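The values are calculated or read from the model by the stated rules, or taken from the named source; none is laboratory data. Bear in mind the structure is a predicted one, so any value in this text is a computation, not a measurement. Virtual Cβ from ideal backbone geometry, glycine too; neighbours counted across all protein chains shown. Quick note on the areas: whole protein, heavy atoms, side chains included, nothing else; ligands and nucleic acids left out. Shrake-Rupley method; radii C 1.70, N 1.55, O 1.52, S 1.80 Å.
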Amino acid sequence: DEETIHRTMKILDQTIKEYHADPDRVYVTGISGGGTGAWEFGKRYPDRFAAILPVSAEYNTEDALNLAENHVSIWNLFVRGDKEKLVKANRDIFHELLKAGFSPRFTELNGTRSVKWSTHDAWGFTYRNHAIYDWLLEQNLKQNQIQKNPFQLIFNEKDFSGWKVESG
């Protein structure tokens, strides 16, 4: 509800002030329904978040496009074997953002049915992955606003140290 959202933003403001946090490096993430909340906070406050990281969450294309147009970086993760509606919504968002010229990061993970939650649990992979944290730390609200080219080479030298990159 609106009151909870307002209170949450006041807590965020107080935390930034009290701990001298960098307001250009504020990110929002969440899993499942909380991931939908991450999409929603990004939509409502695109001038406050450098990036959103929704995990196993459903959202809609129109609002995701609005986020991208407001230069909020997005990395969305979900499990291929999750509910059909969630998987379709995430794939649709990804394709629409690409068609509009944006460069979101979307990771579609393979899930298994051997463990409870395994077809919905993308968070186990997400929050144990150093690349997620490296990417988050690269995001900066002011830099996002002046970035000219939304596409970037996805290359992490730590992961590909034995590979040779050639241009041309």
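Assorted remarks:
- Sparse packing (at most 13 other Cβ atoms within 10 Å of the Cβ) combined with a DSSP loop state is found for the following trypsin sites (Lys or Arg not before Pro) in region 9-80: 80.
- Residue 123 accessible area, assembled protein chains, probe 1.4 Å, Å²: 60
- Rounded percent of accessible protein surface that carbon and sulfur make up, region 1-76, 1.4 Å probe: 53
- For region 1-137, the number of Lys pairs separated by eight or more positions or lying on different chains, with C-alpha atoms closer than 25 Å, is 12.
- Where labels lie 7 Å past Cα in the beta-carbon direction, separation of residue 103 and residue 142 in nm: 2.2
- Shown is the FRET efficiency for residue 7 and residue 91, computed with R0 = 30 Å from the Cβ-Cβ distance and rounded to the nearest 0.05: 0.30.
- Per residue, region 16-62 exposes an accessible area of 47 Å² to a 1.4 Å probe, with every protein chain left in place.
- Under the criterion of Cα pairs below 8 Å and six or more residues apart, the relative contact order for region 1-127 equals 20 percent.
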